[in-house]
Amino acid sequence: VGLYTDPPTWQRIEQTYHILSTYLKSQGIEASLEKLSIEKGSLIPQARSIIETVLADHPRTPIELYLTGGPRILLASFYTATLTIPDENIERIRITVYGEGFPASITVEIGRLLILARLDEKSREILELIRDGYNRIESLLTRSNLPRSTLYKKLKDLENLGLIIKTGKGEYRIHPAIEQLI
């Protein structure tokens with residue numbers, strides 16, 4: 001997905017897409033470049049239309065959105081658009097944004113991001129404790145000040161939501177898909 005602002009900028013976006021699509025085709029991955037335009041009004045309905053079309057065309061496939069050409073506004077538009085997509089489809093969407101002029105990227109699975117945003121305060125605190133290295137039951141009990149039964153329930157809930165992984169008896173780690181988010 002690229003943001004059309006003027007012909008020279010769009011040409012650079014197309015050149016970048018051509019390089020990326022050549023590589024993806026060699027890996028057997030289908031790709032297309034979608035254009036959003038500020039001249040057509042709000043970007044959010046345009047983004048939602050693109051997402052809905054791709055989801056309908058590929059009903060059982062995870063969807064990867066690589067954003068370039070003004071990624072801040074595109075990310076905000078696509079993220080906002082995904083909030084109105086039914087939950088069963090949100091889980092299939094992943095957005096990747098690359099730094100412009102520097103080598104960095106962020107990949108976000110939108111379904112997990114929404115789950116993370118809906119967590120209660122204690123569940124979020126447990127995630128942060130695990131992230132900070134307090135990943136064993138005893139250290140979580142000490143740091144969280146939760147009763148053992150409540151902690152176990154919250155850990156099971158976080159595991160069922162796909163936010164943590166049990167790595168051993170009484171030991172947990174953050175799921176790799178959300179490491180960049182917390």
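Please give the number of the condition GLU159 fails out of (1) closer than 29 Å to ILE106 by Cβ; (2) charged (D, E, K, R); (3) touching a helix residue (DSSP H, G or I) at 6+ places or on another chain (Cβ under 8 Å).
Answer for GLU159: the failing condition is (3).
Being within 20 Å of VAL108 (Cα to Cα) and in contact with a Gly (Cβ under 7 Å, 6 or more places away or on another chain): is that true of LEU33 here?
yes
Can you name the residue in the stretch 113-130 that is touching a Lys or Arg at 6+ places or on another chain (Cβ under 9 Å) and either basic (Lys, Arg) or surrounded by fewer than 11 Cβ atoms within 10 Å (Cβ to Cβ) (or both) and is also nearest to ALA31 (Cα to Cα) among such residues?
ASP120
Taking the stretch 13-64 as the search range and keeping residues that are assigned to a helix (DSSP H, G or I), modelled with pLDDT under 90 and charged (D, E, K, R), which one is nearest to THR82 (Cα to Cα)?
Per the stated criteria, the residue is LYS40.
Against the conditions (1) under 15 Å from the mean Cα position of the chain (by Cα); (2) in contact (Cβ under 8 Å) with a residue 60 or more places away in the chain; (3) in a strand (DSSP E or B), where does LEU3 fall short? Just the number, please.
Single failed check for LEU3: (1).
Report yes if GLY101 is outside any helix (DSSP H, G or I), within 18 Å of TYR172 (Cβ to Cβ) and either modelled with pLDDT under 90 or assigned by TED's automatic domain parsing to the domain that holds THR167 (or both), otherwise no.
In short, no.
The values are calculated or read from the model by the stated rules, or taken from the named source; none is laboratory data. Keep in mind that this is a model prediction, so the values were computed, not measured. Positions of Cβ are backbone-derived with ideal geometry, glycine not excepted, and every protein chain shown enters the neighbour counts.
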